[in-house]
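Student: Okay, handing you the structure first.
The values are calculated or read from the model by the stated rules, or taken from the named source; none is laboratory data. Only a predicted model underlies this, so the values are computations on that prediction, with no experimental measurement involved. Cβ placement follows ideal geometry from the backbone for every residue including glycine, while neighbour counts extend to all protein chains displayed.
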Amino acid sequence: MEAAPPRVTTGPVTRGEWALVGGLFLTAFLAVLFTANAYGPTYDEPFYASAGVRHADWWARALRLDFGALRADSITQAWGPNHEHPPLEKVASGFSQRWFGSVLPGLAAFRLPSALWFAMTIAALYLFSRRAWGRRGGLFAALAFAFMPRVVAHAHLAALDMPIAAWFFVTAALTAVALARDSWAWTVLAGLAFGLALLSKMNAFFLPALLLPWGLIYHRRRWPKLLAATLAIGPAVFWLGWPWMWVSPLAHAREYLAFHLGHAAYNVWYLGRLYQYAPWHYPFVMTAVATPVAALALGLLGAIRSWPRRGLDPDRVLLLAGFVVAIAPSALPGTPKYNGVRLFLPAFPFLAALAGGGFAWLEGLVSHRLAGQPSARRTSVLAAVALGALLLYPGAVGTVASHPYQLAYYNVLVGGTAGAAKHGFETIYWGQVYKEAPIFLNAVPEANPRVLIIPKGCIYLLEFQQQAGALRRDIRFTGDEGEARSADYVMFQCMQSDYTDLAWELVKGARPAFSIRSRGAPLLVAYRRDAVAAALDRLHR
């Protein structure tokens with residue numbers, strides 16, 4: 001038997017709703033694009049930028065029918081750099097640099113695609129969540145996602161996490177629509193989306209684990225379309241969109257899988273301890289403390305309303321199952337767990353959609369109580385707006401107050417960013433805060449100052465700023481702590497998993513000469529030579 005029809009029937013999307021969706025998309029896109037340069041470059045972005053330029057140049061040759069581009073050596077030269085990761089974000093940013101590099105300043109052109117993925121997810125959240133919860137629930141879901149600080153941070157960065165979060169959700173939504181409508185046209189769109197998800201990041205390999213069981217339970221008579229999207233169209237798009245796979249495809253596929261299955265486990269500071277592999281509960285605890293509390297509570301309420309039972313709307317079950325499938329792999333014992341919520345960011349669109357369900361339930365209670373009163377419809381709308389504003393307020397304030405360091409956002413459950421540091425959570429990661437280093441280093445009085453950077457791997461972010469002209473050329477950087485006594489300054493971001501004994505001693509017992517802070521917590525600190533010498537003396541007693 002086919003599943004029972006959805007309980008929420010909102011009808012076709014109206015012109016007014018399409019205008020709303022367009023407004024949400026455009027507002028989110030422009031807001032992110034115009035603030036893109038407030039975020040410093042992260043560890044991975046320079047590598048993606050250079051690879052993206054090569055990828056885009058190759059596609060430009062191929063689209064001009066330059067058949068020399070199809071030679072194995074040409075493909076290897078263009079696609080060999082950074083071949084460990086799929087190319088969608090890199091290709092998109094490469095074309096964005098080609099088209100808008102002379103118009104958009106700084107890193108904005110490179111980061112434009114991430115703004116696009118973010119805006120697309122907001123639009124998709126409204127359009128799909130309205131099927132499960134109604135128009136008001138759908139709108140709340142979209143806005144809840146737009147005001148998740150950690151998500152907003154990743155929307156500004158030209159990395160792999162925002163595109164996989166977007167295409168993971170869009171694939172699930174399009175597959176649900178394709179099966180509900182029994183449409184081959186929608187099936188092709190769903191397969192295309194799955195292919196783009198595969199081209200975004202390896203998290204997409206978990207989508208069949210979500211879609212196949214769900215589809216066979218609720219739409220089993222339409223299994224040809226389900227299999228076509230997940231096992232044929234999507235993989236074909238993946239292969240066609242990654243020319244590196246055209247050369248020695250089996251060997252390269254094995255190399256790709258081997259890299260990720262054996263991916264290095266970077267250290268993480270979690271609950272006051274240093275882990276290589278954090279405990280299974282890491283993704284759930286991090287979600288709980290890095291999501292605005294109202295959205296978190298409404299998401300739990302929406303999950304309860306989505307729990308599978310007879311006659312329940314399949315779309316609601318998909319939202320709950322999508323959240324579980326997106327986050328559960330990060331709980332496995334051998335799975336790397338680090339960098340906040342980044343590695344399971346695809347769970348957050350589903351969490352926002354579930355929050356829309358929680359809001360729809362609360363708003364329905366309010367509307368029910370207002371029924372029968374004079375001007376009930378108008379009062380109901382005003383009450384829904386007031387309730388929505390109240391519940392979105394914590395996320396909106398957290399997003400604005402922590403700008404541009406939403407990667408360091410923690411909610412009130414742990415006392416904000418400062419409280420999270422006291423409770424043993426990692427304060428910041430990925431190096432973006434080094435953008436503020438010139439504020440201090442350009443003003444130091446020494447000529448040719450020597451600066452020790454902990455860890456030394458972050459030095460290239462500062463050298464990148466020197467090459468761009470933002471940082472004094474006479475500054476010399478070292479990553480060798482054996483030279484700590486001869487260094488004029490020591491500087492490091494407050495990423496506790498990277499702290500050495502010297503960094504811990506400085507943080508605990510010295511006053512920084514310079515610090516960048518967010519919501520009461522230091523994110524980047526610098527210490528003068530005398531403080532460093534005193535810290536070294538204490539360590540060697």
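Student: Select from the range 437-446 the residues that are farther than 12 Å from Tyr489 by Cβ and either assigned to a loop (DSSP other than H, G, I, E, B) or touching a strand residue (DSSP E or B) at 6+ places or on another chain (Cβ under 6 Å) (or both) and list them in ascending order.
Tutor: Asn442 - this is the single residue of the range 437-446 that is farther than 12 Å from Tyr489 by Cβ and either assigned to a loop (DSSP other than H, G, I, E, B) or touching a strand residue (DSSP E or B) at 6+ places or on another chain (Cβ under 6 Å) (or both).
Student: So is Thr76 over 30 Å from Thr417 (Cα atoms), part of a helix (DSSP H, G or I) and among the β-branched types (Val, Ile, Thr) or not?
Tutor: Judged against the criteria, Thr76 is a match.
Student: Does the range 499-519 contain any residue that is farther than 14 Å from Ala531 by Cβ, surrounded by fewer than 18 Cβ atoms within 10 Å (Cβ to Cβ) and among the basic types (Lys, Arg)?
Tutor: yes
Student: Further, regarding this structure: In the range 423-436, what count of residues is obtained for those that are over 15 Å from Pro455 (Cβ atoms), over 17 Å from the mean Cα position of the chain (by Cα), outside any loop (DSSP other than H, G, I, E, B) and not acidic (Asp, Glu)?
Tutor: Total meeting the criteria: 2.
Student: Can you go through Glu481, Glu446, Glu436, Glu426 and tell me which one is closer than 23 Å to Ala265 by Cβ and acidic (Asp, Glu)?
Tutor: Residue meeting the stated conditions: Glu426.
Each row is one residue, and each column tells you yes or no for (1) under 21 Å from Asp73 (Cβ atoms); (2) aliphatic (A, V, I, L, M).
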| residue | (1), (2) |
| --- | --- |
| Trp223 | no, no |
| Phe238 | no, no |
| Trp246 | yes, no |
| Ala251 | yes, yes |
| Asn267 | no, no |
| Gly272 | no, no |
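Student: Please pick out the residue among Leu319, Leu332, Leu300, Leu345 that is touching a His at 6+ places or on another chain (Cβ under 8 Å) and either crowded, with 20+ Cβ neighbours inside 10 Å or assigned by TED's automatic domain parsing to the domain that holds Asp161 (or both).
Tutor: Leu345 is the lone residue from the list that is touching a His at 6+ places or on another chain (Cβ under 8 Å) and either crowded, with 20+ Cβ neighbours inside 10 Å or assigned by TED's automatic domain parsing to the domain that holds Asp161 (or both).
Student: Test of understanding: among Ala470, Ala420, which residue is farther than 17 Å from Ala503 by Cβ and part of a loop (DSSP other than H, G, I, E, B)?
Tutor: Criteria check complete, one pass: Ala470.
Student: A further question on this structure: How about the range 490-517: which of its residues are touching a helix residue (DSSP H, G or I) at 6+ places or on another chain (Cβ under 7 Å) and part of a strand (DSSP E or B)?
Tutor: Once the filter is applied, which keeps residues that are touching a helix residue (DSSP H, G or I) at 6+ places or on another chain (Cβ under 7 Å) and part of a strand (DSSP E or B), the range 490-517 yields Val490, Met491, Phe492, Gln493, Phe514, Ile516.
Student: Let me ask another. Please go through the range 248-296 and give me each residue that is exposed (fewer than 12 other Cβ atoms within 10 Å of the Cβ), among the small types (Gly, Ala, Ser) and outside any helix (DSSP H, G or I), ordered by number.
Tutor: Gly262, Ala264, Gly272
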